[in-house]
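K.L.:
I'd like to ask you about the structure that follows.
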Amino acid sequence: LGKNLVFVPECHSTNTLALQLCQNSGPAEGTLVITPNQTAGRGQRGNGWEAEPGKNFTFSLILKPATLALKDQFYLNIFTSLALRDYLAAKGCTAVRVKWPNDIYVGSKKICGILVESQISGNKFSHVVVGIGLNVNQQKFGTETATSLSILTGMQFDLQAELESLLKFLEARYLQLREGKMALLMEDYLKVLYGLNTPLSFEVEGVLAEGMIVGVDESGRLRVLMEGRERVFGVKEVGYGVV
Ligand code: BTN
């Protein structure tokens, strides 16, 4: 991954740029679209993603997972989350947790957001864009709930060296996906999933309800035990906080 590099000094969103590149013939699998200055980063649920220029990672990987069945789409979120977890653990961050579907937290603060967007043609993925925003050297955030590697470790990081390292972790987990090791990926994902088998407060259609996450179903929906019965939720259908 990352052997082909599209570097732009500035852009609105590397995901948008990567999706545009895929329209024209399509770059090679593993192409990395990266900028030090993303001015209109996009997040999940229509949110934005802000990052101070030159201090963090904002990039998108273009993948062509030819053998991945459409029903296994959520494994794209899983492999990416696990690679970020592996990388952060290697940097000495303990207590890395994944808030479903794929927000990466250290303790109760978010360090990384992931936005997976795919284009399907027929019954196959024609290409997938995996966007990663990882806070590395940024010290101050507009929100209390964000953090960075440098805040956590007290160190400054060389982004070039870190990129190489992070790409290796992404590649290792992507290979597991390519090799069809879905059970292993799911098992590892559940091990780091925030709130699994723990009582939590959820917001469902504006109403608060107590429940407990019991897993993630085939298509990536969250399985929650509420008042004695299991319910499943899509990304926009349920909210909960990380404490
Ligand atoms: C989220 O937390 O909601 C996901 C944030 C994803 C941000 C990354 S930064 C690189 C890539 N380009 C984008 O526009 N978004 C993703």
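We did not get these values from a lab; they are worked out from the coordinates using the rules stated. Here the structure is a predicted model, which means the values were calculated and not measured. In this analysis, Cβ positions are derived from the backbone assuming ideal geometry, glycine residues included, and neighbour counts consider all displayed protein chains.
K.L.:
What residue among Glu29, Glu52, Glu227 shows peak mean-square fluctuation when the chain is described by a Gaussian network model with Cα springs under 10 Å?
P.N.:
For the chain, modelled as a Gaussian network with Cα springs under 10 Å, the answer is Glu227.
K.L.:
Turning to a different aspect of this structure: For the chain, what proportion of DSSP beta bridges, expressed in % and rounded to the nearest 5, is antiparallel?
P.N.:
Values: 45 of 52 bridges.
Taking every DSSP beta bridge within the chain, about 85 percent pair in antiparallel fashion.
K.L.:
When the helix-only estimate is applied to the chain (DSSP H runs of n ≥ 4, each -39,500 (n - 2.57), divided by the residue count), what is the mean residue ellipticity at 222 nm, nearest 500 deg cm²/dmol?
P.N.:
The helix contribution divided over the chain gives -8000 deg cm²/dmol.
K.L.:
Kyte-Doolittle cut-off 0.0, length cut-off 18 Å along the helix's own axis using Cα: show which whole DSSP H helices in the chain pass. Don't skip to the end; give the middle numbers.
P.N.:
Working: long enough: 74-90 (24 Å, 0.89); 159-178 (27 Å, 0.02).
Counting only whole DSSP H runs, the qualifying helices are 74-90, 159-178.
K.L.:
Continuing with this model, one more query. Among the lysines, which have Cα under 17 Å from the Cα of Lys168 when same-chain residues fewer than 8 positions away are ignored?
P.N.:
Filter leaves Lys3, Lys91.
K.L.:
For Gln160 and Lys140, calculate 0.36 nm times their separation in residues minus their Cα-Cα distance, and state this gained length in nm to one decimal.
P.N.:
5.0 nm
K.L.:
Turning to a different aspect of this structure: Given a Förster radius of 51 Å and the C-beta distance between Leu208 and Asn24 as r, what FRET efficiency does 1/(1 + (r/R0)^6) yield to the nearest 0.05?
P.N.:
Details: r = 48 Å, r/R0 = 0.94.
The computed FRET efficiency comes out at 0.60.
K.L.:
Continuing with the same structure: Two decimals is fine: what is log10 I(q)/I(0) at q = 0.08, 0.15, 0.17 Å⁻¹ for the stretch 5-192, from a Debye sum with one equal scatterer on every Cα and no solvent?
P.N.:
-0.23, -0.86, -1.12
K.L.:
For every other residue with a beta carbon closer than 14 angstrom to the beta carbon of Arg231, add +1 if it is Lys or Arg and -1 if Asp or Glu, then tell me the sum.
P.N.:
Details: positive: Arg221, Arg223, Arg229; negative: Glu203, Glu205, Glu210, Asp217, Glu227, Glu230, Glu237.
Net local charge, Arg231 excluded: -4.
K.L.:
Separate question: What size of dipole, in debye to the nearest 20, comes out for the chain about its Cα centre when the only charges are +1 on Lys and Arg C-beta atoms and -1 on Asp and Glu C-beta atoms?
P.N.:
Magnitude of the dipole: close to 180 debye.
K.L.:
Counting only trypsin sites (Lys or Arg not before Pro) that are in a DSSP loop and have at most 15 other C-beta atoms within 10 Å, tell me the longest site-free stretch of the chain.
P.N.:
4-139
K.L.:
Take Glu52 and Thr94, extend 7 Å from each Cα along the Cα→Cβ direction, and tell me the distance between the two endpoints in nm.
P.N.:
Label-label distance for Glu52 and Thr94, simple model: 2.8 nm.
K.L.:
Please get the size of the charge dipole for the stretch 113-209, origin at its Cα centre, with Cβ charges of +1 on Lys and Arg and -1 on Asp and Glu, quoted in debye to the nearest 20.
P.N.:
Computed charge dipole of the stretch 113-209: roughly 220 debye.
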